[in-house]
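Have a look at the structure below, then the notes.
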Amino acid sequence: MKPKRGYWGRLGSDIWKEWDLYLLLVPGILFILLFKYTPMYGITIAFKDFNIFTGFADSPWVGWKHFEKLFTSPDFAQVFKNTVIISFLKIVILFPLPIIIALMLNELRNMVFKRTVQTVIYLPHFLSWVIVGGLFIDLLSTNGGIVNKLLVSLGMEQIAFFLDNSVFRSVLITSAGWKETGWSTIVYLAAFTMIDPMLYEAAKIDGAGRWKQLWHITLPGIAPIIVLMFILRLGNVLEAGTEQILVMYNPVVYQVSDVIGTYVYRQGLGNQDYSFSTAVGLFEAVISFTLVIVGNAMSRKYLQRGIW
């Protein structure tokens, strides 16, 4: 009997046999090393009083000074609260939305209408947030915006959507849903193709209607994709749509819309406090990484599914 080879022995044998395929991996690996791992050296800024003129090496170490400032700052407490609230609302409201739309589109039998709807709803994904922000500002403006014109025509008062703390978060949720829901819907529509059509035929023979087919075949069939998308979404909980908020918010609504990403932007570029903003960004990254690990572990424990 031949002795069993270890992992590295099997890997070396695979590389030797499929060297041309492994060679194709080299540019991708170099790209990741150069643009993903090398910049991680910049994390050291969070533990230094960084000065752009003295550079990384000569800036003095200060240990946990910036993290102590972070956790005692009343501004960051409000920023963290805003981030969690906005992300929670986006998950609760927007995460199920593409699933529901995909299920509805999957039931359509008119292929022309189905494809037309698909195209219309995912096109906004290709617009930048600058364009989307300008579009919503025009629509919701108190100075000639069509929405406020409609409210006035119905005998209601105008609403300053971008200046009212009580409604600004709803603008963020609505605009994010309009822009991204269609693109996520395509992912779930693609997942339907993995379901064996024979399962539906068997269910029909057994007398199962549309709702039972949906509940017992369609949803379990796309469950792995739902779990994958949810775990990946957990990794972006503290991101909360920074680019979107930067385009739409203003100092009047900082109280309800200033999130970690915008706070880092203002501290790092506005106040040139690079060390503190790096500490905030590192805190966000650690929490996001932890959420992905915990989310995957919980999914494997209770749903027997995970992304690894």
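Before moving on, here are some points about what is shown:
- The sole residue among 259, 280, 286, 264 that is out of contact with any strand residue (DSSP E or B) (no Cβ under 7 Å at 6 or more places or on another chain) and more than 21 Å from residue 245 (Cα to Cα) is 286.
- Answer from 113, 88 - the residue that is more than 16 Å from the chain's Cα centre (by Cα), of a type outside the set (Ser, Thr, Tyr), open to solvent by 50 Å² or more (accessible area, probe 1.4 Å) and under 30 Å from residue 220 (Cβ atoms): 113
- Residues that are under 30 Å from residue 79 (Cβ atoms) and polar (S, T, N, Q) number at least 1 in the following helices (runs of 4 or more DSSP H) confined to segment 163-266: 168-192, 242-248, 254-257, 260-265.
Listed here are the residues, each with its yes/no results for (1) open to solvent by less than 50 Å² (accessible area, probe 1.4 Å); (2) of a type in the set (Val, Ile, Thr).
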position	(1), (2)
221	yes, no
237	yes, yes
254	no, no
260	yes, yes
272	no, no
281	yes, no
288	yes, no
306	yes, no
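- Residue satisfying condition, being aromatic (Phe, Trp, Tyr) and under 16 Å from residue 91 (Cβ atoms), within set 289, 283, 230, 276: 230
- Residue ID - least open to solvent (accessible area, probe 1.4 Å), chosen from residues in segment 91-110 that are in contact (Cβ under 8 Å) with a residue 60 or more places away in the chain and under 14 Å from residue 174 (Cα atoms): 98
- Screening residue 246 on (1) closer than 30 Å to residue 128 by Cβ; (2) touching a Lys or Arg at 6+ places or on another chain (Cβ under 9 Å); (3) open to solvent by 20 Å² or more (accessible area, probe 1.4 Å) shows it passes everything except condition (2).
- Checked against the criterion of being exposed (fewer than 15 other Cβ atoms within 10 Å of the Cβ), farther than 21 Å from residue 87 by Cβ and of a type outside the set (A, V, I, L, M, F, W, C), segment 181-195 contains one or more residues that satisfy it.
- Enumeration of residues in segment 1-33 that are open to solvent by 90 Å² or more (accessible area, probe 1.4 Å) and either in the same structural domain as residue 71 (by the TED database) or at pLDDT below 85 (or both): 1, 2, 3, 4, 5, 7, 8, 10
- Criterion violated by residue 307 - all others in (1) outside any loop (DSSP other than H, G, I, E, B); (2) of a type in the set (A, V, I, L, M); (3) modelled with pLDDT under 85 satisfied: (1)
- Look at (1) farther than 21 Å from residue 81 by Cβ; (2) open to solvent by 20 Å² or more (accessible area, probe 1.4 Å) and you find that residue 264 fails only one, number (1).
- Screening segment 15-81 for helices (runs of 4 or more DSSP H) wholly inside it with 2 or more residues that are over 28 Å from residue 266 (Cα atoms) returns the ranges 19-32.
The values are calculated or read from the model by the stated rules, or taken from the named source; none is laboratory data. In this text the structure is predicted, and so the values were computed from the model without any measurement. Positions of Cβ are generated from backbone atoms using ideal geometry, with glycine treated the same way; all protein chains shown enter the neighbour counts. Just so you know, the surface numbers come from the protein's heavy atoms only, side chains and all, with ligands and any DNA or RNA stripped out. Shrake-Rupley method; radii C 1.70, N 1.55, O 1.52, S 1.80 Å.
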